[in-house]
Each structure stands twice: as C-alpha cells, then as structure tokens.
1. If you place +1 on the Cβ of every Lys and Arg, -1 on the Cβ of every Asp and Glu, and leave all else neutral, what size is the dipole of the stretch 63-182 about its Cα centre, to the nearest 20 Debye?
2. By counting other Cβ atoms within 10 Å of each Cβ, how are 85, 38 ranked from fewest to most?
3. Which entries of 33/167; 46/129; 78/150; 46/113 show an alpha-carbon separation above 18 angstrom in the structure shown?
4. Please find the FRET efficiency linking residue 102 to residue 14, where r is the Cβ-Cβ separation and R0 is fixed at 41 Å, and quote it to the nearest 0.05.
5. Roughly how many nanometres apart are two label points built 7 Å out from the Cα toward the Cβ at residue 83 and residue 66?
6. Residue farthest toward the positive end of the dipole of the stretch 2-58, with Cβ of Lys/Arg at +1 and Asp/Glu at -1: which of 13, 38, 23?
7. Report, in degrees rounded to the nearest 10, the 0 to 90 angle that the Cα long axis of helix 172-182 makes with the longest principal axis of the chain.
8. Just to be sure I understand: with springs between alpha-carbon atoms less than 10 Å apart, which residue in 153, 167, 76 has the highest mean-square fluctuation in the Gaussian network model of the chain?
Amino acid sequence: MEYFNKGKRGKIFLEGSIAIKKGESKHILNEIKWLKELNKHKIGPKLISSGKTYFKYKFVKGIFITKYIEDGNKNKVKKVLIDILKQCKVLDKLKVNKLEMHNPYKHIIIGKKIVMIDFERCYKTLKPKNVSQFCQFLISRNIKKVLDKKKIKIDKRKLIKLVKKYKESYNEKDFRNILRTFFLSK
C-alpha cells in the first residue's frame, strides 16, 4: 500500500487499482453510507469494502474538472457539464446535499467516466442545492472566462432566474430549461 494524497478529512492510499481512504470514523462512516446509496444511481466511485475508519473503492483515474474545462474541446466540455448537471439533478431528486458543488475543483474527476468524489459531508435535506451550486460554479468569474473563450456562452441573469425557478419545483421541465440556457445552444 502506498500513500497517494491527503484531504481535509482523510488520507488516500493506493493498492493497485484500489484506493483506500482512511480517516476519522464519523466522516468515514457517513461517506460509506452515502456511497452505498449513491452507487445504486451510478454516482461516486465504486465502493468495494469498508470498516469503521476506512473504505476501499475503485480508484478513479482522470483529471479534475477545472483542468478538463480548460483543456477540453468545446463539444466534449459541454457533454461533461451536462453529465455533471444530470448527476446533480439525481442528488437533488434523492434530497441529498453533497456540498462543495459551488467549488468542485477537487470533487469531480473526468476520465473514462465522470465521477464525483468526497461524500463525507453529505446530508439529507428537503432543499438540496447541487444543481444550483454547480450553476454558481459555472458562472463564477474564472470558470465563465474559460467557457467564454470556448464559445460556451452563459447568460448569467437568465441562468440565475431559471435556477431560482428550479429550486421552487425541482421538476424536470425547469431542469431542462437550465440545460437549454447554455449547453444546448450553438
């Protein structure tokens, strides 16, 4: 087993294609709980086994979201962002708040698949904010500049209005309007 990385609430080790996250039991047990639930919906890294202060999961090879947005071509970036928003929608539908979606720099890995990681702070809520937080990330100054250079235009005011409407209903029609705003345009 070799050391790989350290986060705020744990350390990651590698054993071949398996990652092992170790940390305080409170955070580890919460993440295990959510990975078990979210893996049923194809969200998160595939959980393999767990204990009180660790869990093993299939290691996710890839690059972080920001680097992908900067380096990827326009059409691939659009597809990835749509996929992430759809995963956020599933989380919202499940009434799960992931947190960090307004600042997902190290929480989304793009490889063969698009995988969200780090679910130790997840919690159940009647008003989840995954779609709205990810939209907030997309209209943040730095990311918007990169998207503008790729000719992925976002009408910030319109998007904010649509996100507010979506947060009132969480329905599919309002979600589709968010996607149409900028991802499905030319």
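1. Charge dipole, the stretch 63-182, about its Cα centre: 480 debye, nearest 20.
2. Ranked by crowding around the Cβ, least crowded first: 85, 38.
3. 33/167; 46/129
4. The calculated FRET efficiency here is 0.90.
5. About 2.1 nm, to one decimal.
6. Checking the options against the dipole of the stretch 2-58, the answer is 38.
7. With both axes taken from Cα atoms, the answer is about 70 degrees.
8. 76
Read-outs throughout are calculated quantities, based only on the coordinates presented, and are distinct from any laboratory measurement. All values derive from a computational prediction rather than experimental measurement. Cβ atoms come from the backbone with ideal geometry, glycine included; neighbour counts cover every protein chain shown.
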